[in-house]
Amino acid sequence: MSKTVLVADDEVRLVNLVKAYLEQGGFRVVTARNGRDALFVARQEKPDLILLDIMMPEMDGHEFMRVHRQERQTPIILLTARVEEDDKIIGLELGADDYVTKPFSPRELLARVRAVLRRGNQPAESSARLRVGNVSLDLERFLVEVDGERIDLTRSEFDLLAILMGTPGRAFSRFDLLERLQGTTFEGSERTIDVHIKNLRSKIELNPRKPRHVETVYGVGYRFAPE
């Protein structure tokens, strides 16, 4: 069955171009021209991935994410004409998995869509469940529990946690983590990893300012503390 992608953008020509290209790539595409319509379509269609413009009328992309993330953890790729890094960081902090700056190549966008969806379908390399201390991660059912309590993570946060928990005690550089999340095809800011780590800590750590699980290895990057 074809994966469904919601394209939310107020630029009609761009929406039509992206829709045509994604459909040629085998995806089912639904569209919305503003944030409020996007929220309605997302609730009705339950897309597998959302391409989301930041600057939209009625409800912008950031506000859409604030509302949508309370309901579902759909992977989101931001479409933005803004070049300021802070705008991208805000989107990542709200739970976006990736971003593409306009103007972009439809071919690159299609590759990014497939990459994000592929991360969600990768089988476990060994065990379907990882457990380190009081943190449990189920790779097949996309479930995370801390002290038996279920924690909702975005796709990128889940994948990042899986990488770190896969080899407790190993220090990963930001570049290593970015490469594993996005693949070697794309260029990205290593600050993206810092934002995902910050979000992850806020969800699984009792005190995010003094993390017990996801530790900073100064001069290197991050590691998951061994039991």
- Among the listed residues 167, 192, which satisfies the condition of being surrounded by fewer than 19 Cβ atoms within 10 Å (Cβ to Cβ), touching a Phe, Trp or Tyr at 6+ places or on another chain (Cβ under 9 Å) and of a type in the set (S, T, N, Q)? 167
- Message: Just the residues that are at pLDDT below 95 and within 13 Å of residue 49 (Cβ to Cβ), please, taken from segment 1-21.
- Response: 2, 3, 18
- Item | Subset of segment 66-104 that is outside any loop (DSSP other than H, G, I, E, B), over 17 Å from residue 115 (Cα atoms) and modelled with pLDDT of 85 or more - its residue that is most open to solvent (accessible area, probe 1.4 Å) | 66
- Pull up segment 1-27, narrow it to residues that are within 20 Å of the chain's Cα centre (by Cα) and open to solvent by 20 Å² or more (accessible area, probe 1.4 Å), then point me to the one that is nearest to residue 76 (Cα to Cα). 3
- Query: So which residues in segment 33-51 are polar (S, T, N, Q) and surrounded by fewer than 17 Cβ atoms within 10 Å (Cβ to Cβ)?
  - Reply: 44
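The values are calculated or read from the model by the stated rules, or taken from the named source; none is laboratory data. Just so it is clear, the structure is predicted and the values come from calculations on it, not from any experiment. As a convention, Cβ positions derive from the backbone with ideal geometry for all residues, glycine included, and neighbour counts pool all protein chains shown. Heavy atoms of the whole protein, side chains included, go into the accessibility calculation; ligands, DNA and RNA do not. Shrake-Rupley method; radii C 1.70, N 1.55, O 1.52, S 1.80 Å.
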